[in-house]
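S.K.: Next up is a structure, given as structure tokens.
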Amino acid sequence: MKILNFGSLNYDYVYAVDHILLPGETSAAYRMDTFCGGKGLNQSIALARAGAQVWHAGLVGEEDGGALLDLCAQNGVKTKYIGKVPGKSGHTVIQVDKKGQNNILLFGGANQCLTEDSMDQVLSAFGSGDMLLLQNEVNGVPKLIEKGYEKGMRIVLNPSPYNEIIGQCDLSKVSILLVNEIEGWQLSGLQNPEEILNYFSEKYPQTAVVLTLGSDGVQYRHGQERYSHGIYPVKVVDTTAAGDTFTGFFLAGITGGKTVEEALELASKASSIAVSRKGAAPSIPKLDEVQQFNFS
Ligand code: RIB
């Protein structure tokens with residue numbers, strides 16, 4: 001079984017601020033860093049650092065994509081299906097406040113230039129039983145779901161960031177749906193975690209749902225199978241990429257032979273470490289760090 005992640009690669013311009021700016025407000029940042037990120041890249045790096053083999057597919061800009069490709073390659077992510085298009089890569093402007101909370105302004109850039117031909121070309125190298133991981137920072141996600149499903153691939157969707165494109169996705173074709181509580185609410189119209197999980201299991205009984213709940217941990221539901229796991233207390237520095245770290249480690253766990261409960265534990269530990277560090281990709285731990293970390 002191969003894992004293909006068709007997803008974004010971004011530069012994150014991260015501004016440390018006293019508080020997240022209000023509409024109309026001007027305020028000085030006290031620090032600025034540039035990190036490699038993008039939900040796609042972060043999830044590929046997390047998969048690779050957790051020990052899985054992952055092929056990343058996506059696009060970077062000819063002008064500036066080098067460091068994104070290099071970081072993937074340095075981490076063992078297979079870059080054969082990352083193309084280059086004229087212009088700039090995707091980027092974000094991120095404010096991180098003193099409590100480690102953030103907001104993210106996203107510019108798609110090269111991530112939004114996928115063509116149907118390029119999707120078909122990449123997908124031709126994958127087949128039945130392989131996993132197709134998707135987020136919502138590249139164009140054509142509904143098409144990718146259709147195409148991957150037709151090939152018999154196991155579709156894993158993290159519908160983030162949520163927008164009208166997700167409404168066009170056929171979620172009945174999704175094997176694993178990973179959502180946070182906001183995305184769960186946006187998809188179901190419900191706020192209570194139990195009701196969100198009930199909604200998905202009634203509407204999409206074939207789909208395993210992983211609902212992350214911030215400081216309340218995570219809940220998993222697939223038919224009669226139900227699991228939950230708490231978080232590990234750490235000093236929160238920056239929550240960017242915590243969800244991506246969780247996704248990568250959870251998928252590496254279940255594809256590597258762990259039970260769902262074991263994979264939830266591994267992913268919860270990895271994402272707890274990620275929130276204790278600055279940045280997106282740089283905050284993602286390696287498997288041995290997660291195994292050796294003292295969570296007491
Ligand atoms: O999930 C975190 C990521 O979201 C950041 O790295 C940023 O690029 C945005 O895509």
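S.K.: For the stretch 236-257, how many residues are closer than 24 Å to ILE20 by Cβ and more than 11 Å from the chain's Cα centre (by Cα)?
M.R.: Within the stretch 236-257, residues that are closer than 24 Å to ILE20 by Cβ and more than 11 Å from the chain's Cα centre (by Cα) number 4.
Let's see how each residue does on (1) modelled with pLDDT of 95 or more; (2) in a loop (DSSP other than H, G, I, E, B); (3) buried (at least 22 other Cβ atoms within 10 Å of the Cβ):
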site: ASP238; (1), (2), (3): no, yes, yes
site: LEU251; (1), (2), (3): yes, no, yes
site: GLY257; (1), (2), (3): yes, yes, no
site: LEU264; (1), (2), (3): yes, no, yes
site: ALA270; (1), (2), (3): yes, no, yes
site: GLU289; (1), (2), (3): yes, no, no
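S.K.: Would you mind stating whether THR247 is part of a loop (DSSP other than H, G, I, E, B), within 16 Å of the ligand (Cβ to nearest atom) and either crowded, with 24+ Cβ neighbours inside 10 Å or free of Cβ contacts under 8 Å to residues at least 60 places away in the same chain (or both)?
M.R.: For THR247, the condition - part of a loop (DSSP other than H, G, I, E, B), within 16 Å of the ligand (Cβ to nearest atom) and either crowded, with 24+ Cβ neighbours inside 10 Å or free of Cβ contacts under 8 Å to residues at least 60 places away in the same chain (or both) - is not met.
S.K.: Quick check on my filter: what residues within the stretch 3-23 are near the ligand (Cβ under 10 Å from one of its atoms) and over 26 Å from LEU157 (Cβ atoms)?
M.R.: Here is the first cut: in the stretch 3-23, the residues near the ligand (Cβ under 10 Å from one of its atoms) are 7-14.
If the condition is that a residue be near the ligand (Cβ under 10 Å from one of its atoms) and over 26 Å from LEU157 (Cβ atoms), then TYR13, VAL14 are the ones that fit.
S.K.: List the pairs whose first member sits in the stretch 81-104 and is among the acidic types (Asp, Glu), whose second member is at pLDDT 95 or above, and whose Cβ atoms are under 6 Å apart, counting only residues at least 6 apart or on separate chains?
M.R.: Cβ pairs passing all conditions: ASP97/VAL17; ASP97/HIS19; ASP97/ILE20.
S.K.: Just checking, how many residues over the stretch 131-157 are over 13 Å from the mean Cα position of the chain (by Cα) and either crowded, with 23+ Cβ neighbours inside 10 Å or more than 16 Å from the ligand (Cβ to nearest atom) (or both)?
M.R.: Of the residues in that region, 16 qualify.
Yes or no, residue by residue, for (1) farther than 12 Å from LEU9 by Cβ; (2) in contact with a strand residue (DSSP E or B) (Cβ under 6 Å, 6 or more places away or on another chain):
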residue: ALA46; (1), (2): yes, no
residue: VAL54; (1), (2): yes, yes
residue: GLU63; (1), (2): yes, no
residue: GLY76; (1), (2): yes, no
residue: THR79; (1), (2): no, no
residue: GLY83; (1), (2): no, yes
residue: VAL93; (1), (2): yes, yes
residue: GLY140; (1), (2): yes, no
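S.K.: Counting only residues that are modelled with pLDDT of 95 or more and within 16 Å of the ligand (Cβ to nearest atom), give me the strands (runs of 3 or more DSSP E) lying completely in the stretch 158-234 with at least 3 of them.
M.R.: Output list reads 174-180.
S.K.: Check GLY51, GLY58 and return the single one that is touching a helix residue (DSSP H, G or I) at 6+ places or on another chain (Cβ under 7 Å) and within 16 Å of the ligand (Cβ to nearest atom).
M.R.: Selected residue: GLY58, the only one of GLY51, GLY58 that is touching a helix residue (DSSP H, G or I) at 6+ places or on another chain (Cβ under 7 Å) and within 16 Å of the ligand (Cβ to nearest atom).
S.K.: Can you find even one residue in the stretch 11-26 that is over 24 Å from VAL237 (Cα atoms) and small (Gly, Ala, Ser)?
M.R.: yes
The values are calculated or read from the model by the stated rules, or taken from the named source; none is laboratory data. Please read these numbers as outputs of a predicted model, since none were measured by experiment. Cβ coordinates were reconstructed from backbone atoms using ideal geometry, including for glycine residues, and neighbour counts include every protein chain displayed.
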